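Take a look at the structure set out below.
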Amino acid sequence: MTQRQLDLALLAGIGVLLVVILILALSGAPTTAGDISDPVDRVTALESAEEGAAAEPASEPTPAVTTGDAAESAAADTAGTSEEGAPTVTAVGEVVAGGETSQAAGAEAPDPAPPAGGVRLERIGFAYATGSEGACGVPLTAWGHVALSRDLLDDFPCGTAVTLTLDDEIAGRQSVTAQVGDTMGAGVTGTVNIFVGQDEPALEYGVTGGTLSP
């Protein structure tokens with residue numbers, strides 16, 4: 001073998017050796033944080049990971065679902081808590097201790113309830129009894145007959161004995177018992193006229209309110 005061939009073979013061997021060293025160096029180099037062999041570097045990486053986890057917002061806890069008897073008990077406890085310590089409000093007319101009713105200050109008292117089976121009238125007027133027959137076919141007498149508006153005839157037809165309770169005392173009377181003997185025009189509602197004598201001041205009696213009952 002000549003000197004030239006020896007030189008070439010030596011160069012080739014050196015080249016192969018360099019390639020092998022390079023391959024080994026590349027294959028042994030760390031590529032990720034997990035391959036870091038330095039303890040200081042591993043501690044730094046761990047602290048960074050913990051700080052990142054602390055920066056993330058904590059997930060909201062999932063509310064517990066209560067069912068069955070436990071749910072009813074919880075609802076009862078909640079209702080009791082919300083009512084505890086709250087002021088008790090008594091509505092106008094609400095029954096309170098002793099069976100009496102309370103009225104709000106300044107509230108107007110309601111109108112007195114009509115007698116059983118009675119009807120509250122819009123007005124009670126007065127008219128003269130002439131002795132002639134009314135629409136019901138009977139002679140009209142003073143303080144003995146009344147005329148009703150047509151909306152009242154279904155409950156109090158002609159000939160019915162009725163009692164009128166007056167809101168105001170008229171001619172010394174607070175109530176009048178009479179028969180239905182006449183009716184009124186179609187445009188009048190909730191009204192009763194009491195027939196009085198022609199010698200009485202019917203116009204001065206004016207108009208009052210009251211109730212009509214059988």
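Each value in this text was obtained by applying a stated rule to the coordinates, not by laboratory testing. Keep in mind that this is a model prediction, so the values were computed, not measured. No Cβ is skipped: glycine too gets one built from the backbone with ideal geometry, and neighbour counts run over all protein chains shown.
Along Cα→Cβ, 7 Å out, is where each label goes; now give me the distance between the ones at Q5 and A186 in nm to one decimal.
14.7
Quick one: which residues, 5 or more positions from F126 or on another chain, have an amide H under 5 Å from its amide H? H modelled 1.01 Å from N in the peptide plane, none for Pro or chain starts.
Under 5 Å from the amide H of F126 lie the amide H atoms of I194, each far enough along the sequence or on another chain.
Any chance you could run the full-extension gain for L18 through D154? It's 0.36 nm times the residue separation minus the Cα-Cα distance, nm to one decimal.
Result: 36.3 nm gained on full extension.
When only alpha-carbon atoms count, how far does the range 128-213 stretch along each of its three principal axes, as whole angstroms with the largest first?
Each principal axis gives a Cα extent; for the range 128-213 these are 30, 26, 24 Å.
Using the number of other C-beta atoms within 10 angstrom as an exposure proxy, rank R150, R173, R4 with the fewest first.
Least crowded to most crowded, the residues run R4, R173, R150.
Among L212, W143, G131, whose Cα lies farthest out toward the positive end of the dipole of the range 128-213, if unit charges sit on the beta carbon of Lys, Arg (+1) and Asp, Glu (-1)?
In the range 128-213, that residue is G131.
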